[in-house]
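Following: one structure in structure tokens, then a few remarks.
The values are calculated or read from the model by the stated rules, or taken from the named source; none is laboratory data. Here the structure is a predicted model, which is why all the values come from computation and not from measurement. Positions of Cβ are generated from backbone atoms using ideal geometry, with glycine treated the same way; all protein chains shown enter the neighbour counts.
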Amino acid sequence: MAWRQLPLGPLQTNCYIFSNSNKECLIIDPGGDANKLIGILQQQHLKPLAVLLTHAHFDHIGAVDEVRNKWSIPVYVHSKEKNWLIDPSLNGSQFFMAGSIKVSEPDELIKSEGLLTIGDFSLQVFETPGHSPGSVSYYSAEEGIVFSGDALFAGSIGRTDLPGGNHDQLIKSIHDKLLTLPEETIVLSGHGHETSVEQEMESNPFLNGF
């Protein structure tokens with residue numbers, strides 16, 4: 001397996017392409033710049049199997065429809081954010097001068113934690129709310145990586161002043177679900193550069209005391 005980080009869209013949100021040796025891939029958080037993303041996938045002769053969303057804020061969903069329609073693939077999001085893709089007041093786009101971003105409803109709803117298997121890909125889904133009610137993280141034990149969305153960043157944590165945000169809940173999510181992973185686990189965040197569980201346990205100023 002291999003992964004590639006692509007900052008896309010107005011906030012340079014990290015989209016991840018998670019691929020296997022058969023040239024199949026999962027697309028995580030296609031936040032914008034659809035033509036650029038599709039071009040890269042085509043240049044690498046990759047075959048997307050699904051779009052996985054860590055959550056449904058506008059800067060993570062901007063290229064969803066273009067990618068979904070190009071390859072006729074399903075889009076996964078947590079059931080608590082089922083309506084966010086079509087509602088700019090929920091996905092936040094109407095508040096950030098981004099225009100009213102609307103994409104079609106999701107095809108598949110994540111309703112609980114557990115193993116998500118798509119083709120040859122198997123990812124453990126963790127519910128990590130706090131930044132948003134339906135935030136999830138996708139963990140590959142085999143590859144030693146976790147796609148944390150906007151829950152945990154290098155040296156920081158997600159904001160909690162948007163609709164449905166909850167600071168105490170976010171801290172609990174990080175502590176209970178992410179910091180319990182092996183310390184060498186690579187954390188692939190929604191913004192910024194990669195980090196590790198060990199590094200955040202040792203130096204993240206928002207997690208002092210954990």
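Quick notes on this one:
- Filter result (buried (at least 21 other Cβ atoms within 10 Å of the Cβ) and either more than 16 Å from Thr13 (Cα to Cα) or out of contact with any Leu (no Cβ under 7 Å at 6 or more places or on another chain) (or both)) within the stretch 186-196: Leu188, Gly190, Thr195
- Yes/no for Leu49 being in contact with a Cys (Cβ under 8 Å, 6 or more places away or on another chain), modelled with pLDDT of 95 or more and over 20 Å from Leu109 (Cα atoms): no
- Glu66 being more than 20 Å from Val136 (Cα to Cα), touching a helix residue (DSSP H, G or I) at 6+ places or on another chain (Cβ under 7 Å) and at pLDDT 95 or above: yes
- Residue that is nearest to the chain's Cα centre (by Cα) [pool: residues in the stretch 124-164 that are closer than 11 Å to His57 by Cβ and surrounded by 18 or more Cβ atoms within 10 Å (Cβ to Cβ)]: Gly149
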